[in-house]
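Chemist: Starting off with a structure, shown below.
Where a number appears in this text, it was derived from the coordinates with a stated rule and is not lab data. Small disclaimer: the values here were computed from a predicted structure and weren't measured. Glycine gets a Cβ as well: all are built from the backbone with ideal geometry, and neighbour counts include every protein chain shown.
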């Protein structure tokens, strides 16, 4: 293979990877899979199970478990712990509540907010349009609102399928729990948000927080370096990170938005072994710490034992560590893009 890295825009990457596997291309030793399209590749037989490369390989205990992404079980047709391991997470991006802790404290509100009702109360109390908005929804059509709403829906025990890990794909998206979550998200919280919610994507949401015009939002953890960058942010180090709140009758929930590195089926055994060796090295502590310093989101809990935990620049790590028991996932089916 060739040395180096090929970089493409989001959907451009998908198209390149799709073309590579469907033509049995030998171009890439490793491919970075977003969880949206990973199931299509797993189910299609285009990738090499990691146990085929190294029968002794097991996922290290220090690696965060991102709700079985990277696994595929053909029997239940879903990513499940009973499945075959095809990839290793290389980007631990998750949802976190990102909020102006200083504004909360000035208003005498407890921090961090424990429930979505606490978030709503803060949004109502500090709403001062057009200068300051109480909450920002990522409401653009398609993936933005589909993904951004998932954390609050899961916190209310609202899911798309009844029990996919057991093969039960009964649609439950219109049940009472989902409806209650949508009422909180799209009606109650949105009442205290900026106008034009249908035009707000991730960039606009981060921009409102960084400009000092918004109190709070559910944003991916990968936003952390931008929100403290004085060239981008008017409020550096004023935004705090927390485990997303509990829903009524539910619990905390943090939806995964990670990336998984996989090995194509059509390259030589020698290249497959080299690819897996690289992956094994990449998830050890030193590369993970350096990756975080470069603005990446780590996948190994060894970073929580590093010096970064004492540096305010990486304060998102504590919220990430606290969110691990509450990781949840999108409905990872091969045709995920269709219902979205």
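Chemist: What is the distance in Å between the Cα centres of segment 236-262 and segment 1-67?
Modeler: 25 Å
Chemist: Another question about this same structure. Given the peptides 81-88, 269-276, arrange them by the average over their residues of other C-beta atoms within 10 Å, most packed first.
Modeler: 81-88, 269-276
Chemist: Please give the residues of segment 33-68, grouped as numeric ranges, whose backbone N is less than 17 Å from a label point set 7 Å along the Cα-to-Cβ vector of residue 284.
Modeler: Under 17 Å, as judged by backbone N against the label point of residue 284, lie 57-63 of segment 33-68.
Chemist: Measure of size requested: the Rg and Dmax of segment 95-254, with Cα atoms as the atom set and Å as the unit; please supply both.
Modeler: Every Cα atom of segment 95-254 included, Rg and Dmax give 15.5, 49 Å.
Chemist: How compact is segment 148-204 by the rule of thumb for globular proteins, expressed as Cα Rg over 2.2 N^0.38 Å?
Modeler: 1.32
Chemist: Calculate log10 I(q)/I(0) of segment 249-340 for q = 0.18 Å⁻¹, where I(q) comes from the Debye formula with a single equal point scatterer on each Cα and nothing for solvent.
Modeler: The Cα Debye sum returns log10 ratios of -0.99.
Chemist: Quick one: check the C-alpha center-to-center distance for segment 140-163 versus segment 263-322, whole angstrom.
Modeler: So the separation of the two Cα centres works out to 27 Å.
Chemist: Can I ask one more? Under 8 Å for C-alpha pairs, at least 6 residues apart: give me the relative contact order for segment 1-85, rounded to a whole percent.
Modeler: Dividing the mean separation by the residue count of segment 1-85 yields 20 percent.
Chemist: Another one. Computed over the Cα atoms of the chain, what is the convex hull's projected area averaged over all directions, in nm²?
Modeler: 17.1 nm²
Chemist: What value does segment 166-291 have for Rg/Rh, both radii from Cα atoms and Rh as Kirkwood defines it?
Modeler: That ratio equals 1.08.
Chemist: How high is the relative contact order of segment 95-254, in percent, counting Cα pairs under 8 Å that sit 6 or more residues apart?
Modeler: The normalised contact order for segment 95-254 reaches 38 percent.
Chemist: Next up: Separation between the residue 294 and residue 22 pseudo-spin-labels, each 7 Å from Cα along Cα→Cβ, expressed in nm?
Modeler: 3.1 nm
Chemist: Counting only C-alpha contacts under 8 Å and six or more residues apart, can you give the relative contact order of the chain as a whole percent?
Modeler: Relative contact order, the chain: 29 percent.
Chemist: If you don't mind, another one. Considering the alpha-carbon set of segment 18-80 alone, what are its Rg and its Dmax in angstrom?
Modeler: Computed over the Cα atoms of segment 18-80, radius of gyration and Dmax are 12.7, 36 Å.
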